[in-house]
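The values are calculated or read from the model by the stated rules, or taken from the named source; none is laboratory data. As the structure is a prediction and not an experimental result, all values here were calculated from the model. We place every Cβ from the backbone using ideal geometry, glycine too, and count neighbours over all the protein chains shown.
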Amino acid sequence: RPVVAVVGRPNVGKSTLVNRVLGRREAVVQDVPGVTRDRVSYPVEWAGRRFTLVDTGGWDAKVQGLAAQVAEQAEVAVELADAVVLVVDATVGATAVDEAVVRMLRRSGRPVVLVANKVDDARGEADAAALWSLGLGEPYPVSALHGRGSGDMLDAVLRALPEQTAVGRPDPAGVRRVALVGRPNVGKSSMLNALVGSERVVVDDVAGTTRDPVDELVELGGRTWRFVDTAGIRRKHRSSEGADYYAGLRTQAAIERAEVAVVLVDAAQVLTEQDVRVVQGAVDAGRAVVLAVNKWDLVDDERRRYLERELETELVQVPWAPRVNVSARTGRHLDRLVPAMERALTSWETRVPTGRLNALIAEIVAAHPHPVRGGKQPRILYATQAGVRPPTFVLFTTGFLEAGYRRFVERRLRETFGFEGSPIEVNVRARE
Ligand code: GDP
C-alpha cells in the first residue's frame, strides 16, 4: 500500500487536515476492536484506492529549532513516502522555511501535492494562487477545518501516486518484508549486523526486485528477506526530543511497509511505555509480530523472574506473538528468529475453511450464547473469513454484540485455529 506523508510547518493545520481526510473515511470503517494511541499512520480509502497517510506533525519546535525540525520531518517523509503532501498556511504565505522544504522535496524527485490551507471561503483563493511562486505547480486550496476543497486535494494525491510505489514496491513471490523495530539502544543495529554478518547480503537484483537505498536484501534460512529501512536503523541517533519523535515516526513507517515486525526489547532494562507503543503500532497496522528479547547474555536469575512478570503484564496486546530470547552479541538463538518469522507469516496468511469456522460458531452459540440485554438476545447467525494478512472475520448477527462477548469469540477463534504471531480482526455485521 503506498505511503503518503503530510509535512509542513507547525500550526499550518496538518493534523486538522489528516482528521478531515479520516472523517470522510469513518463512515465506511469497520468495527475494529482494540485501542489505538499515539498513532501516526492511518489507512485511507478514496475513490476505490487505498493508501497509508502518515502524519508527520506532532511535537513543538522548541528543542531543535523550527528550521531543523521541518528539515528532519521532510527528510523522513522523502525517504519513506511515495508521495508528499506539503501543507502551507495560505493566510501567511510562503515563508523561508517553506521554501527550504520545497528545495529539499524537489531534489528528492518525490511527487508533491501542494495544499494551501485555511482557505475558508472564495476570498481566500487569491492567497492560494500566490503559492504558485513555490514552483510546485497548482496549489490546492483547502479548508481543513470546514472540509472545503479536500475532495479535489485527495483526487490530486491519487494522481500523484505512482503506479508502482517507490517504497514497499511489490517484491517477487518469496521475498518477504521485515521491519526490525524497537526503542533506541535495544540492539537493532547489532542484530542486523549479526544477521547480515553470518549470511549472504544480496547485492544484485533478485529477479524483479529493485534495490531501495533505505532497505537491505538478506538471504536467511533459504529465502530472501527485505529488511525495510535499515538506513533508519544504522543512522546514529541524535539525542534530542525531536530525534526520538522522528525515530518513532520512522518506526511506524517501517512497520507499515513490512509484512512482519520483529519487535526488540532489552532484557536488561525495565520495559517502558515506548516499548509498548512499538508493539501497539505493529498490532494497529495489522502486521505479523515476533517478539525478540535481546541482550539475554545480561540476564541473571533474579532479572529473569522479574522480566517474565513484566512481559506478562506490560505486553498484554501480544500474548500470541512468538518470543525468542536472543543475544545479538553472542549470537544466542539467532537461528530461531527466522523460523519464528515464518510461523508468524504463515498465521498471517491463514485461511480457515468456512465449514470449520461455522462449526466453531455453532458450538459457541449453543454452549455460550450472548447474554440477554434489554429483553433481546443477539445471536451469531454465521461467519465468514473476509480476508487474510491478517485474518479478518465477519460475524453476521441478529444484533449488536457486547465488546466482552466479541473478545470471547476472538479468544475461541485463537484457541481453535492458533494464529501464532498474527493479529486477527473480528468485525460484526448486525441485521436488525
Ligand atoms: P539500536 O539503537 O537498537 O540500533 O541499538 P544498538 O545495536 O546500537 O545497540 C545499543 C547498545 O547495546 C550497544 O552498546 C550494543 O553493543 C549493545 N548490545 C546490543 N545487543 C546486545 C546484546 O545482545 N548483548 C549485550 N550485552 N549488549 C548488546
**Message:** Taking the criterion of being within 16 Å of the ligand (Cβ to nearest atom), buried (at least 16 other Cβ atoms within 10 Å of the Cβ), touching a residue at least 24 places away in the same chain (Cβ under 8 Å) and over 22 Å from residue 272 (Cα atoms), would at least one residue in the range 362-370 satisfy it?
**Reply:** no
**Message:** Can you pull out every residue in the range 319-339 that is in contact (Cβ under 8 Å) with a residue 60 or more places away in the chain, in a loop (DSSP other than H, G, I, E, B) and more than 14 Å from the ligand (Cβ to nearest atom)?
**Reply:** 320, 321, 322
**Request:** Specify the residue that is modelled with the lowest pLDDT; the eligible residues are those in the range 187-213 that are surrounded by 12 or more Cβ atoms within 10 Å (Cβ to Cβ), away from the ligand (no atom under 16 Å from the Cβ) and over 24 Å from the mean Cα position of the chain (by Cα).
**Result:** 206
**Request:** For the range 251-294, name all the residues that are away from the ligand (no atom under 16 Å from the Cβ), acidic (Asp, Glu) and touching a residue at least 40 places away in the same chain (Cβ under 8 Å).
**Result:** 256, 259, 284
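Against the definition (within 24 Å of residue 287 (Cα to Cα), basic (Lys, Arg) and not in a loop (DSSP other than H, G, I, E, B)), how does residue 412 come out, yes or no?
On the way: within 24 Å of residue 287 (Cα to Cα): yes; basic (Lys, Arg): yes; not in a loop (DSSP other than H, G, I, E, B): yes.
Yes; evaluated as a whole, the condition is true for this residue.
Does residue 216 fit the bill of being more than 19 Å from residue 110 (Cβ to Cβ), modelled with pLDDT of 75 or more and of a type in the set (D, E, K, R)? Before you say what the answer is, go through the steps one by one.
On the way: more than 19 Å from residue 110 (Cβ to Cβ): yes; modelled with pLDDT of 75 or more: yes; of a type in the set (D, E, K, R): yes.
When the stated conditions are applied, residue 216 passes them.
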**Item:** Selection count where residues are buried (at least 17 other Cβ atoms within 10 Å of the Cβ) and either free of Cβ contacts under 8 Å to residues at least 12 places away in the same chain or away from the ligand (no atom under 16 Å from the Cβ) (or both), scope the range 299-309
**Value:** 0
**Prompt:** Looking at the range 1-115, what helices (runs of 4 or more DSSP H) fall wholly within it and have at least 3 residues that are modelled with pLDDT of 90 or more?
**Reply:** 96-108
**Asked** in contact with a Ser or Thr (Cβ under 6 Å, 6 or more places away or on another chain) and small (Gly, Ala, Ser) - does that describe any residue in the range 138-161?
**Response** yes
**Request:** Name, by its number, the condition in (1) closer than 18 Å to residue 189 by Cα; (2) of a type in the set (Asp, Glu); (3) modelled with pLDDT under 90 that does not hold for residue 275.
**Result:** (3)
